[in-house]
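Chemist: Structure in structure tokens, see below.
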């Protein structure tokens, strides 16, 4: 795999780039800007046709990541390389339409001003700006200038408004930072989804970003690469807690006896059938004991102490903080205080896409199984019918042969009987003829003799 940046775009060449193959397909993920002054980003993954004898992991791919406008322009340049003009035009038009209509286009965070945050805070209390002014004694013209953006909200004013609204003054000046809970984990029981997830293994619980649970991130730990998981383990001391960590690719092992999220590579099938592997993610206490790296279940009441033993992690990401999500929403309702814009990021969306494809694959497998069962049934019925037809034909042939033999025997017998009958008739006729000739001869002799 090679990686390089061109005009603020990160390009990664994945798979076998020594062979020449034709561009076949693409996938688009557009992500929200990170922060108020951020720029919307985009991911495009181009896939090329597999050559004969190539494995899926050797498939030639090109990954583009960067500002959405630059990625869009670069993607069209890649599509323009196709040789077939008709295919090129078709992919070009489809790509433009899908890119522009992608449902992951974020809202414009730059339009969220302190005045908008103040209006939202007032509305969350079930009040209008007029009712809020009358209830608190604030001068209506001044409040109007602040909510309309005509005047800036200073630090002192934010503190004054926050006392009357019973909220954090920072929330009246800056947008809350929220991220999706991209995965969950159960420390006690197996979770049965498209796969069987053992205790401690992270699972993506949603296939659509609309259904993802979001959580507010404490500002003192917020970074653009922060991620969140939720422990869903009824009866556990960690139940409904959210664990935050930063995306990591390092394999450093200086996180002994710390809560971590780790990635390990495991085979996806028996070695005699496939050598393919996949990356899986786990949550637990990382330890090293007598040269072995292990992952322990952090809940002291879990039945099995070890989640994984003797492992070689692909990465180790220490947990920054574990807390109740209600603790970061200033005693207000979580749903009403999470910003409407969702900071759906690259890895979360790709994970959801993988889950969707897994479900689609399982459905396709089940459909194929049913189709194979029906085809086998049809084949069995066809074979059974053919066998019955062949047996009937053989029996008919045998009956015909037996009938023919019988007819021949009867015919021969009749012929024999007719021959004997003819022979007897012939003998009788000859005897009568001979007698008649003898009588005539005697008569002639008698006449001649009489004359003498």
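The values are calculated or read from the model by the stated rules, or taken from the named source; none is laboratory data. Bear in mind the structure is a predicted one, so any value in this text is a computation, not a measurement. Cβ: placed from backbone, ideal geometry, glycine included. Neighbour counts: every protein chain shown.
Table: residues versus (1) in contact (Cβ under 8 Å) with a residue 40 or more places away in the chain; (2) more than 18 Å from residue 230 (Cβ to Cβ); (3) surrounded by 15 or more Cβ atoms within 10 Å (Cβ to Cβ).
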site	(1), (2), (3)
292	no, yes, no
302	yes, no, yes
316	yes, yes, yes
319	yes, no, yes
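Chemist: Within the stretch 216-234, track down each residue that is within 22 Å of residue 30 (Cα to Cα) and surrounded by fewer than 20 Cβ atoms within 10 Å (Cβ to Cβ).
Modeler: Those that are within 22 Å of residue 30 (Cα to Cα) and surrounded by fewer than 20 Cβ atoms within 10 Å (Cβ to Cβ): 222, 223, 224, 225, 226.
Chemist: Could you list, in sequence order, all residues of the stretch 48-72 that are free of Cβ contacts under 8 Å to residues at least 40 places away in the same chain, in contact with a strand residue (DSSP E or B) (Cβ under 9 Å, 6 or more places away or on another chain) and over 13 Å from residue 23 (Cα atoms)?
Modeler: 68, 69, 72
Chemist: Can you name every residue in the stretch 16-38 that is over 21 Å from the mean Cα position of the chain (by Cα), at pLDDT 85 or above and surrounded by 14 or more Cβ atoms within 10 Å (Cβ to Cβ)?
Modeler: Of everything in the stretch 16-38, those that are over 21 Å from the mean Cα position of the chain (by Cα), at pLDDT 85 or above and surrounded by 14 or more Cβ atoms within 10 Å (Cβ to Cβ) turn out to be 16, 17, 21, 23.
Chemist: Sticking with this one: Regarding residue 74, is this residue assigned by TED's automatic domain parsing to the domain that holds residue 11, under 41 Å from the mean Cα position of the chain (by Cα), farther than 23 Å from residue 178 by Cβ and at pLDDT 90 or above? Break it down stepwise before answering.
Modeler: Working: assigned by TED's automatic domain parsing to the domain that holds residue 11: yes; under 41 Å from the mean Cα position of the chain (by Cα): yes; farther than 23 Å from residue 178 by Cβ: yes; at pLDDT 90 or above: yes.
Yes: the conditions hold for residue 74.
Chemist: Considering only the stretch 211-251, give the strands (runs of 3 or more DSSP E) lying wholly within it that have at least 3 residues that are within 29 Å of the chain's Cα centre (by Cα) and modelled with pLDDT of 85 or more. Before you say what the answer is, go through the steps one by one.
Modeler: On the way: elements: 214-216, 226-231, 242-246.
Fully inside the stretch 211-251 and qualifying: 226-231, 242-246.
Chemist: Could you list all residues from the stretch 235-257 that are surrounded by fewer than 14 Cβ atoms within 10 Å (Cβ to Cβ) and touching a residue at least 40 places away in the same chain (Cβ under 8 Å)?
Modeler: Of the stretch 235-257, the ones surrounded by fewer than 14 Cβ atoms within 10 Å (Cβ to Cβ) are 235, 237, 240, 249-254, 256-257.
Answer for the stretch 235-257, where residues must be surrounded by fewer than 14 Cβ atoms within 10 Å (Cβ to Cβ) and touching a residue at least 40 places away in the same chain (Cβ under 8 Å): 235, 237, 240, 249, 250, 251, 252, 253.
Table: residues versus (1) at pLDDT 80 or above; (2) outside any loop (DSSP other than H, G, I, E, B); (3) more than 30 Å from residue 304 (Cα to Cα); (4) not assigned by TED's automatic domain parsing to the domain that holds residue 237.
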site: 130; (1), (2), (3), (4): yes, yes, yes, yes
site: 153; (1), (2), (3), (4): no, no, yes, yes
site: 159; (1), (2), (3), (4): yes, yes, yes, yes
site: 188; (1), (2), (3), (4): yes, no, no, no
site: 199; (1), (2), (3), (4): yes, no, no, no
